[in-house]
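Beneath this line is the structure, given in structure tokens, with notes to follow.
The values are calculated or read from the model by the stated rules, or taken from the named source; none is laboratory data. What you see is a predicted model; the values in this text were computed from it and never measured. All Cβ positions, glycine included, derive from the backbone under ideal geometry; neighbour counts span all protein chains shown.
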Amino acid sequence: MSVGKIPFLEAVNGSTVMLPCTYASCIGIKNLYFSWQFNDNGTMQKICDSVIPTEDAKPDVKKYKEYNERVEFVGKNIKNNISIVLWNITFEDGGQYICFGRNPKEKDKNHSAIFNLIVVDELRVVDNTLTIIIASAVGGAIALLMGFMLLKNLTLFVLAKLEEKNKECLVSSSGIDNTENGLSGSKADSKPTPKKK
């Protein structure tokens with residue numbers, strides 16, 4: 001039995017809530033008994049129950065006492081869903097709800113999941129100031145780091161281009177020096193020797 005990833009709900013007095021529950025079995029089900037109960041200060045009150053003969057079979061759900069008019073079985077056993085809706089909740093409805101199941105194919109092992117309903121006057125407004133400050137600081141730090149990396153890469157690129165240009169200047173100026181100084185391999189050596197008379 002599972003009531004989902006978040007096993008609690010905060011709801012306003014007088015509203016309607018869904019109490020989620022699903023079941024799962026790796027060997028399948030046959031005559032799976034399930035029930036919803038409310039923990040009223042240690043006394044378990046039955047809300048509804050039924051037997052599901054086979055998977056995807058729609059069960060005939062029996063509702064109990066005070067919940068008869070305020071409970072609706074909405075799971076309909078579609079995709080193993082046995083959720084219920086509780087209409088017009090009051091402060092007295094706040095507390096633990098137990099989704100219980102017993103599968104004869106699993107040697108009648110008992111399974112249950114607890115869902116907590118918190119009934120309030122009005123829903124609290126969540127103050128996100130701290131979250132916004134943290135997100136802004138992290139975002140600013142990432143932007144600063146990216147700017148630094150971009151500036152570093154640009155500087156390295158410019159320095160590499162300047163160094164390349166300086167190498168070209170050195171190569172071309174060394175050729176000019178050789179020619180002017182008359183070193184071997186220079187243009188001065190290529191003059192023909194004067195003829196003797």
| Filtered residue count, region 23-40, keeping only those that are in contact (Cβ under 8 Å) with a residue 24 or more places away in the chain and surrounded by fewer than 18 Cβ atoms within 10 Å (Cβ to Cβ) | 9
| Within region 101-123, which residues are buried (at least 18 other Cβ atoms within 10 Å of the Cβ), within 29 Å of the chain's Cα centre (by Cα) and not β-branched (Val, Ile, Thr)? | Ala113, Phe115, Leu117
| request: Being part of a loop (DSSP other than H, G, I, E, B) and touching a strand residue (DSSP E or B) at 6+ places or on another chain (Cβ under 8 Å) is the filter; apply it to region 5-22 and report the residue that is surrounded by the most Cβ atoms within 10 Å (Cβ to Cβ). | output: Cys21
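For region 66-82, which residues satisfy the criterion of being at positive phi, surrounded by fewer than 18 Cβ atoms within 10 Å (Cβ to Cβ) and assigned to a loop (DSSP other than H, G, I, E, B)?
Of region 66-82, the ones at positive phi are 76-77, 79-80.
Remaining after also requiring surrounded by fewer than 18 Cβ atoms within 10 Å (Cβ to Cβ): 76, 79.
Within region 66-82, just Lys76 meets the criteria.
Tell me, please, whether a residue that is basic (Lys, Arg), over 21 Å from Val119 (Cα atoms) and over 31 Å from the mean Cα position of the chain (by Cα) can be found in region 15-34.
Yes, region 15-34 contains at least one residue that is basic (Lys, Arg), over 21 Å from Val119 (Cα atoms) and over 31 Å from the mean Cα position of the chain (by Cα).
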| remark: Within region 107-122, the count of residues that are closer than 19 Å to Asp49 by Cα and outside any strand (DSSP E or B) comes to 1
| Hey, Ser50 in a strand (DSSP E or B), small (Gly, Ala, Ser) and either surrounded by fewer than 18 Cβ atoms within 10 Å (Cβ to Cβ) or modelled with pLDDT of 90 or more (or both) or not | yes
| query | Does any residue of region 83-91 turn out to be assigned to a helix (DSSP H, G or I) and either surrounded by 16 or more Cβ atoms within 10 Å (Cβ to Cβ) or of a type in the set (Lys, Arg) (or both)? | reply | no
| query | Which residues, taken from region 54-67, are in contact with a Cys (Cβ under 9 Å, 6 or more places away or on another chain) and modelled with pLDDT under 90? | reply | Tyr67
